[in-house]
Amino acid sequence: MAEVEKSREVKKQKAGGSVATERTRTGRIYMPNVDISEDKDNLTLYADLPGAGDEDVSVTLENDVLTIEAKVSPPVKAGDHRLTYAEYGVGDYFRSFTITEPIDRDRIEARMKDGVLRIVLPKKEEAKPKQIKIQAE
Amino acid sequence: MARIGRISWSWDPIQEMERLERDWSDFFSGFGRQSAVKYPPVNIFTGEDNVIITSEIPGVDPEDVDLTVTGDVLTLKGTRRRQELGEGQSWHRRERGYGDFYRTIQLPYNVESSKVEASYSKGILKITLPRAEADKARKISVKTA
């Protein structure tokens, strides 16, 4: 199982210097892992936000900064149970990206499924590559 | 990363473990050792009557996850499928891992395997494993002779 080695990348990382402003909520913040793909029409971003439901996530695009934030509450309520062994921490997510491509803001789509956020950012018409026809004289 | 006189008002076990893990991997990094992180990561919550295991596996089809329990060992097996590229797409970033995973987890006690329950929601797998009846602590009354 050579691909298992990939799992190393899945280790949760604390959101570090990218958090420019202080938050009002206390607790840990993690930086979600993302995949970003591009084709001629869209930029598509996938972010792993385990523990966050669709109502917990906020996506904003302000100027050219795309921000992803998610609030996560612990899956097991403390009471009869004690955390006896831990390999991951539970906390909120925060990450922002600078989008250099002009985006059609009205058509941005975001949805959550099984802890994965998928954002489709459609490019503006003028940003799309255009084939220029060469005319013979 | 030396810490001198670290004052903490509330003890946070996860924070503590992360700190230890980080310190150890810092310590070893000079020897070219990479800190091994198991996938999927699990947290174990222990109660009187059952154990709850949670695991972060976002974007996995529950059909692709296979759980088995034998005595006090839980086996967690599955696949996280690769995000395929569509026609004319190319990657800018690829940070999310994928592939097959296989883990065995030693439980703190024997489990009633027929009563194990598992659910998957928001990318978190939650397994509730009731303690075996025969394994529960019993109060023994002392008889007078």
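The values are calculated or read from the model by the stated rules, or taken from the named source; none is laboratory data. Owing to the predicted nature of the structure, the values given are computational and were not obtained by experimental measurement. In this analysis, Cβ positions are derived from the backbone assuming ideal geometry, glycine residues included, and neighbour counts consider all displayed protein chains. Note: areas computed on protein heavy atoms with side chains; ligands, DNA, RNA excluded. Shrake-Rupley method; radii C 1.70, N 1.55, O 1.52, S 1.80 Å.
Here are the numbers:
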{"read-out": "Odd one out for A:ALA52, checked against (1) buried (at least 19 other Cβ atoms within 10 Å of the Cβ); (2) in contact (Cβ under 8 Å) with a residue 60 or more places away in the chain; (3) more than 19 Å from B:VAL60 (Cα to Cα)", "value": "(3)"}
{"read-out": "Test for B:ILE52: is it in contact with a Phe, Trp or Tyr (Cβ under 8 Å, 6 or more places away or on another chain), assigned to a strand (DSSP E or B), within 15 Å of B:SER119 (Cβ to Cβ) and in contact (Cβ under 8 Å) with a residue 40 or more places away in the chain", "value": "yes"}
{"read-out": "Strands (runs of 3 or more DSSP E) wholly inside region A:60-137 containing at least 1 residues that are surrounded by fewer than 17 Cβ atoms within 10 Å (Cβ to Cβ) and not hydroxyl-bearing (Ser, Thr, Tyr)", "value": "A:65-70, A:82-86, A:109-113, A:116-122"}
{"read-out": "Yes/no for B:LYS139 being among the charged types (D, E, K, R), out of contact with any strand residue (DSSP E or B) (no Cβ under 6 Å at 6 or more places or on another chain) and surrounded by 13 or more Cβ atoms within 10 Å (Cβ to Cβ)", "value": "no"}
{"read-out": "Residue count, region B:44-71 (criterion: open to solvent by 30 Å² or more (accessible area, probe 1.4 Å) and within 7 Å of chain A (Cβ to nearest Cβ))", "value": "2"}
{"read-out": "B:GLY99 being at the interface with chain A (Cβ under 7 Å from one of its Cβ atoms), surrounded by fewer than 14 Cβ atoms within 10 Å (Cβ to Cβ) and closer than 28 Å to A:ASP35 by Cα", "value": "no"}
{"read-out": "When residues of region B:72-88 are limited to those that are at the interface with chain A (Cβ under 10 Å from one of its Cβ atoms) and modelled with pLDDT of 90 or more, the one most open to solvent (accessible area, probe 1.4 Å)", "value": "B:THR79"}
{"read-out": "Count - residues of region A:28-59 that are of a type outside the set (Asp, Glu), farther than 29 Å from B:SER55 by Cα, more than 7 Å from chain B (Cβ to nearest Cβ) and part of a loop (DSSP other than H, G, I, E, B)", "value": "0"}
